[in-house]
Amino acid sequence: MLISILIISIVSIILLTPMYFKPLYCDDGKWYYYAIFRKRGLKQHINYWGNSSYFGIEWISAIFTSLIRKKDVQGILIFKIIWYFLTAISVYFFVNIIEQNEIQSTLSAIIFLMAVSYPKNRFSLTYGESMILLPIMLAYIFAYLSYISGNSFYFFISGFFVSLSINVKVFGFIIAPILLIVTFFTKNILFSLGYYLLGCSFLLFLPLLFLRTNINRKWYIYRIFSNVFTMLESKLKFLNFHNLIFGKSKSEMSCNYVESVLKRSKTDFWSGYKLQVKVIVVEWSIIIILAVVQILSLFLKFDSLVFLMILMLPVFFSFAYIQKSTLIVKLNPIWIPISILAGKSLYTIFIQQDGWNLSKTTLLFILIITVSDIIKKILIEYKQERRSQLADYNLKHSKYFSMAKNVGKYIKVNSNESEKILVWGNFPSVYLYADRECSNHSFFHIYPYSAHNIANDIQLLFNSMKENPPEWIVFYTGIYNKIDKWNMQTLSDEINIPYKLSKDFQVIVGKRKYRSIPVFRRDDVKYRELLLEKYSRSNDVIFLQKVLDFYPNDFATKIRIRFHEEKLDLESKIEFLSKNNQLSKIDKNLLLLDDLMEKENFIDASEIFTDIIVQDKNNLRSMIGLGEIHFAKGEIDLAFHSFQEAIKINPFSADAFNNSGVVLFQVGDLKNAELYFKKALKIDPNFEGAKMNLVALLQKKKEMV
């Protein structure tokens, strides 16, 4: 046994090592986000359609990276390699327990490792269909151990791994009833059945003990079974599980992805696989033929291992068929039975059968050529030019996917650990490379296209961005950018937070064609102005506290908070500032302006505003203040000009839009005045002055009618 495991380990190192150099796939960011950022517990991603659970790959990888003390991308890549190595070991033990044959077991494990390493199978991309194989094989192993030993407790362990497989991918539910049937063939049926059901429910319902409120428990039940519920509802129209659980109709938490999957045609499914499968079948023809030989041999002589593999094939194929997905990676589970059947054929033909003949020589020759070609394709992945390419994707797609690494590293170098990102698009791997968290964990995996609709939840995202705008926004929408209407301009207009382009990553995808991945940085100068503007309007110190939350070293804001708390008059402020040498002249003047304007000391205020604008022509507060003074003096044209200049300086200034509306209202341009008031309220719905102005305008229009 030790020699066999050593051989499998050496083969794993040779074949799986190229995975360590591969860039993360877009979905890898979803699977390993919590491993990098050390999160635990229930994952209720509002817009995410998949299985939300406690004990999925997210949790397991987080434990693993903590144990090896590599909570980074390298730790994740090591985890993937070890996971597939353990899956190969599980294949070895499964065959060995049934056949009691070291050589056959080792051959099966090695063939499986070849399938995992083969680029066209895309095992290097993290998909539930690939990761679910380990817990499924362990569930089969312990079920078989219980069957042959009579120890019913093994069924608890088997059920435990079934529940783990469900946590990894919801299609683990398909395995549960199959192994349930096995319990009826044991000596102690009741004990076996009881242990198995207890094991199956263990990881699924254990989290209910940790969730403190009923609503959280209901959400957990609904989310973990949402895919199953949606499929059942599509067949049985009278069912509404959301209504049964919550007492109300289905909300935005409905499983859009599953609903879209069920609408796909079977014709598209088969035609989509035809070309991809054809290439693999040709290159793996001898291995597949060896597997088919074992299936045909079952008609001549019953073999329990072959019979189990024949049952396993349609079960694993159903994973892809139910989803009607044309991604070749969805078929990865079938490599388990193919590897085991081919390994049995190789052992039977070359070792078990005595003698040597021309047929064996011919088969060996063909086998050597086929396997050599497969190994060659695997080892090519060691080449420097292949390391940065994603599986067998064509070069242009691979470049686009792997650009997440460059984007992430750019943000990491140009930011600090406290800063947050929002990746608009299906590329959460950017968070991992940047080592920066998402600004809102409920939206760290955004599908900005129709099959994964977030329209019902998008206002929640916008509200959170208005409250806590991320420092960085990346638009990484890939091939879906023609469907997704959002860009930085439309998004800024929605959340009313200023951003500026930091860098535009461009990937050439053809002659004179490229895809753009723009990275935007929050414009902190303008954003600070907006927060201070809100404070001036409301006199609410919370806006000053928010300035310090974002800019802890803002000394001028600290002084402003002190003035607010101590309620100092103008003379006391002037005296305090005269003794302070840490503030610039502009900052000192800005700290006094609100008092000067309140006392209608327009002469001094005008001089200060003008002086500041001479030094800083883009100073928002001074430009608006100067306009207010012009308006107070009756200089309407100059006032409107100042307010328009303020809008150019910061197009998200509610004061500038409101004041422009006031000027237009006074000169009788009610139509445009109304637009300005509404824009001011869109920027700040709590702007009482703009509300009053709009009400007055609408009342006047009503009177005129």
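Just so it is clear, none of the values below were taken in a lab; they were calculated from the coordinates. Predicted model only: the values in this text are computed from it and were never measured. Virtual Cβ from ideal backbone geometry, glycine too; neighbours counted across all protein chains shown.
Size descriptors for the stretch 100-225 (Cα atoms only): Rg and Dmax, in that order, 17.0, 54 Å.
Amide H to amide H distances under 5 Å link residue 438 with 421, where only residues 5 or more positions off or on other chains count and H is placed in the peptide plane.
Pairs of lysine residues in the stretch 607-692 that meet both criteria, 8 or more places apart or on different chains and Cα atoms under 17 Å apart, total 8. As a rough guide to protection, the peptides 434-443, 338-347, 405-414, 201-210 ranked by mean Cβ packing within 10 Å, highest first, stand as 338-347, 434-443, 405-414, 201-210.
The separation of the stretch 610-664 from the stretch 353-420, counted between C-alpha centres, amounts to 60 Å. The P(r) of the stretch 56-110 has a tail past 17 Å containing 47 percent of all C-alpha pairs. Fully extending the segment from residue 372 to residue 304, taken as 0.36 nm per residue of separation minus the present Cα-Cα distance, adds 21.3 nm.
Kirkwood's formula applied to the C-alpha pairs of the stretch 493-549 gives a hydrodynamic radius of 13.8 angstrom. For the stretch 284-400, just say rounded, prolate or oblate: build the C-alpha gyration tensor, square-root its eigenvalues into a ≥ b ≥ c, call rounded for a/c under 1.5, and beyond that prolate if a/b exceeds b/c, oblate if not. Judged from the Cα gyration tensor, the stretch 284-400 comes out oblate (a/c at least 1.5, b/c at or above a/b).
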